[in-house]
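The values are calculated or read from the model by the stated rules, or taken from the named source; none is laboratory data. If you're wondering where the values come from, they're calculated on a predicted model, not measured in any experiment. Every residue, glycine as well, gets a Cβ built from its backbone with ideal geometry; the counts of neighbours run over all protein chains shown. What goes into the accessible areas is simple: the full protein's heavy atoms, side chains included, and nothing from ligands, DNA or RNA. Shrake-Rupley method; radii C 1.70, N 1.55, O 1.52, S 1.80 Å.
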Amino acid sequence: METTPSPPPERASSPEPWVTPSLALGAVPQLDRSVSTASSVSSVSGRSASSRLSDSGIPGRRRGYMRPEGTQFSQSAKNRESVMNLGTIAHLQYYFARTGLLDEATGRVAKKRKNGSRTASGTERPLSGVSAVDDDLSVLSLSTPEGMDHLGEGFVESPLDETASVNWGDDNEPVMLPPTVSTYKNNPVYVPPPPDMTILRRELRESLDESAKHLRELEKGFGSAISGAVGGDTQSDAMDSAAARQSADAPGWHQIQGLNLLDVATLAIRAAKNYYTAHEDPQRLYSIKSERAIRKELYDVLEVLKRLAIRNFANGVQPSETASIKAWVEGIGKLLDTEEEKERQEQEERESWSWREGDWTGRERERELLFLRSFDADPEVLPEWTDPQGAELPTPFLAALRNGLRLVHLHNTLVKKSRRQFEEIKQYHIDTAKPYRCADNLRYWAKAADLRWDIKLDVDVMGVVHGTDAAAWNKFDAALLKWCSGVREELMKEWKQQKSQAKTPTLQIDPNYGGS
């Protein structure tokens with residue numbers, strides 16, 4: 001019996017392209033998942049053929065960086081700034097990938113896409129002339145019957161975004177423009193200079209006068225109501241008083257009175273606040289009335305106006321409320337009068353100083369000595385300032401300023417007399433028994449002269465403290481002359497500007513204008 005040979009076993013069909021490959025069966029030696037073969041072209045970025053075929057037919061994938069997502073770090077890693085910055089780096093990578101800055105910087109793609117630059121799979125075709133790597137990729141790229149292209153084994157492409165659409169033009173994401181120079185350019189904001197004190201004082205006085213005028217009108221109404229209630233024995237007087245009360249109690253009349261008072265009083269409070277906060281010499285202002293008292297008076301007036309508005313001006317403005325506001329208005333007026341009187345006295349004192357004007361050629365030390373004595377608050381008068389050349393060093397004048405404490409006090413006093421009050425020496429040594437404390441005071445004075453008066457002084461501090469070097473004393477004398485001259489000229493310039501400022505005319509409306 002002739003046996004029919006059995007047909008050869010059917011070979012299993014090739015797996016589908018999207019099936020994940022498995023390890024070889026019966027391999028010798030046994031392979032595990034840690035074994036990897038070297039890539040033939042390790043320096044080229046691409047994907048394996050199987051992964052490219054498996055991904056090219058699935059919609060929703062595109063080349064580019066993955067969307068940045070929140071990263072979970074351990075508790076110890078959260079305390080390190082370098083680790084927490086990784087989230088920011090991921091966002092920056094995604095930002096540059098979306099805007100195409102990375103591709104343009106490295107020359108991988110053209111700056112402007114042309115029509116037909118993409119394949120059916122949604123990926124970009126390699127462009128000639130871009131780089132040698134792209135030329136190799138274009139050679140290795142093969143076209144498949146399904147319209148899909150793939151690369152050789154061992155190539156790994158950039159990761160794909162699973163959730164994005166293939167068509168970039170249909171994205172609903174906001175367009176992120178690349179950073180430009182204007183992105184980080186801050187346009188300077190013009191801040192107008194603060195108003196002049198003359199203008200602020202004029203506005204405050206005008207608002208106070210307007211408030212006082214309304215308060216006087218309210219007081220007249222109180223007086224007429226009281227006289228109508230006390231007098232008027234006849235029937236006609238009673239009828240007149242009743243008619244007056246009826247007209248005064250008409251709906252809306254109290255609200256008109258209250259709103260007018262609220263308007264003018266609020267403007268006065270605003271003008272007072274601007275005057276206090278922008279004052280050039282707050283110490284002089286607070287010497288007349290303390291800052292605490294000024295704030296308390298402002299809050300008391302605001303509280304009165306608040307209670308008046310809360311009750312919707314019912315029953316009109318009461319006499320007690322009028323008296324409170326009037327007391328505040330008169331107090332501010334007295335404060336301004338006292339301040340102007342102090343300014344007048346200071347101006348007269350400046351006019352009496354002989355060192356301000358005149359020809360002092362050859363008598364510079366005498367002039368600067370008079371300048372220092374005008375601001376020196378020490379009970380011991382400064383000795384005569386003589387020329388150290390050919391004299392026994394230190395001279396009495398230089399010895400009086402040797403520890404630097406008197407110079408520190410003079411600097412602080414002159415800063416307070418100036419309109420630009422800054423760089424006051426706040427920390428210095430009062431006990432100058434130790435040489436290093438005297439040296440520190442002299443260093444503080446020299447540094448403050450540079451920062452506040454823009455005068456650079458050359459002083460041998462240790463030579464002055466020890467008193468053994470004649471050159472150090474001569475340099476100290478020259479530094480004192482330079483400092484006194486610079487400070488005096490700046491103060492005189494400020495005083496001349498303040499005196500030459502024309503007073504702004506007060507805008508007043510004549511009530512009798514146009515009358516018969």
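Taking the stretch 422-468, which residues are open to solvent by less than 90 Å² (accessible area, probe 1.4 Å), over 30 Å from GLN283 (Cβ atoms) and part of a helix (DSSP H, G or I)?
Answer for the stretch 422-468, where residues must be open to solvent by less than 90 Å² (accessible area, probe 1.4 Å), over 30 Å from GLN283 (Cβ atoms) and part of a helix (DSSP H, G or I): PRO435, ALA439, VAL461, MET462, GLY463, VAL464, VAL465.
Applying the selection to the stretch 320-342, what residues are open to solvent by 30 Å² or more (accessible area, probe 1.4 Å) and farther than 27 Å from TRP495 by Cβ?
If the condition is that a residue be open to solvent by 30 Å² or more (accessible area, probe 1.4 Å) and farther than 27 Å from TRP495 by Cβ, then SER320, ALA323, SER324, LYS326, ALA327, GLU330 are the ones that fit.
Take the conditions part of a helix (DSSP H, G or I), modelled with pLDDT of 80 or more, of a type in the set (S, T, N, Q) and not assigned by the TED database to the domain that holds GLN497 and apply them to SER182. Does it pass?
Against the criterion (part of a helix (DSSP H, G or I), modelled with pLDDT of 80 or more, of a type in the set (S, T, N, Q) and not assigned by the TED database to the domain that holds GLN497), SER182 does not qualify.
How do the pairs read when you match residues in the stretch 252-276 that are more than 17 Å from ASP300 (Cα to Cα) with residues anywhere that are assigned to a helix (DSSP H, G or I) and open to solvent by 70 Å² or more (accessible area, probe 1.4 Å), using Cβ under 9 Å and keeping only pairs 6 or more apart or on different chains?
The qualifying pairs are TRP253/SER247; GLN257/GLU217; ASN260/GLU217; ASN274/GLU203; TYR275/GLU203.
LYS417 passes all but one of (1) open to solvent by less than 70 Å² (accessible area, probe 1.4 Å); (2) in contact (Cβ under 8 Å) with a residue 40 or more places away in the chain; which number fails?
The failed condition is (1).
When ALA268 is evaluated against the numbered criteria (1) open to solvent by 80 Å² or more (accessible area, probe 1.4 Å); (2) modelled with pLDDT of 95 or more, which criterion, by number, is the only one it fails?
For ALA268, the failing item is (1).
So, in the stretch 343-386, how many residues would count as being open to solvent by 70 Å² or more (accessible area, probe 1.4 Å) and in contact (Cβ under 8 Å) with a residue 40 or more places away in the chain?
Of the residues in that region, 1 qualify.
Which numbered condition in (1) under 14 Å from VAL487 (Cβ atoms); (2) surrounded by 15 or more Cβ atoms within 10 Å (Cβ to Cβ) is the only one that ARG406 fails?
Against the list (1) under 14 Å from VAL487 (Cβ atoms); (2) surrounded by 15 or more Cβ atoms within 10 Å (Cβ to Cβ), ARG406 comes up short only on (1).
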